[in-house]
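Notes follow the structure.
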Amino acid sequence: MWETILEGGIMMIPLGICSVLALAIVIERLYSLRRSKIIKPETTTIISNINSKDDVNVVRSFCEQNKDIFSSLVLAALNTENLEPVEINQAIDDQGRQELRRLEKGLVVLETVAGVAPLLGLLGTVLGMIEVFDGITLEGVAKTAPLSSGISQALITTVAGLSVGIFSLIFYNTFTNKTENLILELEKYSTNLVHKIKSFSENFQTEDAGK
C-alpha cells in the first residue's frame, strides 16, 4: 500500500493533506451535528412545560445560561414578544442564518477539498504522462520501465484525487442538508414558542378586561 502511494509521485503529498483535512472535518461534524447535541432534550422540555407567562422568565434564564445554538434562537424569539408577526418571522430568520454559520463550520474547507482534490489528481496525471513522453524521448519505445512508471503515477494520482473528491463531496452535501434541516426545526420551535407566549398575553388581557 505504501509503495503504491509512493509511486504516485509528488502530487500524493497535497492529496494526502487533503484527505487528512477531509477526514478530520467529517469526524468532527459527525459528532457536532448530532440532533441530540443541537436540539437538546432539556431545552425542548422546558419550552413544552410553559403553562403561563410567568414561566417565560424561567426559560429566558435557562437559555441565558446556555450558549448553544438552540438557546440563542429561543432568546431571539423571546425578544420579539412585542413585535408584529412579520417582524417576528424576520427576526427569527435572521438569527437562524447567524446560527447556520456556526453549524456550517468547516464545510467551506470540505467543499474546497471536494473541488481541488480531483484537479490535483488530474495534475498528477499530466505529470505522469510527461514522464512517459520524456522516457520515450530518452529511451525509446522499446524500454518499458520509464513508460510503466509514468503511467502508474498517472493512474494512482487520478484514483487518489477522485476518491478524496467524491468522499468530500458526499459528506459536504450530507452535512449541508442536515444543517438546513436542523435550522428549520429550531426556527419551528422558536416560532411556536412566540405563538404560545402571545396566547398567554392575549388571555391575560382578556381576563383583565373582564374584571
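A few points about this structure:
- Scanning region 28-80 for residues that are hydroxyl-bearing (Ser, Thr, Tyr), farther than 14 Å from LEU182 by Cα and without any contact (Cβ under 8 Å) to a residue 24 or more places away in the chain yields TYR31, THR45, SER48, SER61.
- Candidates in region 17-61 are the residues that are of a type in the set (Asp, Glu) and modelled with pLDDT of 80 or more; of these, the one that is nearest to THR174 (Cα to Cα) is GLU28.
- Wholly enclosed helices (runs of 4 or more DSSP H) of region 26-115 bearing at least 3 residues loosely packed, with under 13 Cβ neighbours inside 10 Å and charged (D, E, K, R): 85-103
The values are calculated or read from the model by the stated rules, or taken from the named source; none is laboratory data. Just so we're clear, the structure is a prediction, and the values are computed from it rather than from any experiment. FYI the Cβ positions are ideal-geometry reconstructions off the backbone, even for glycines, and counts take in every protein chain you see.
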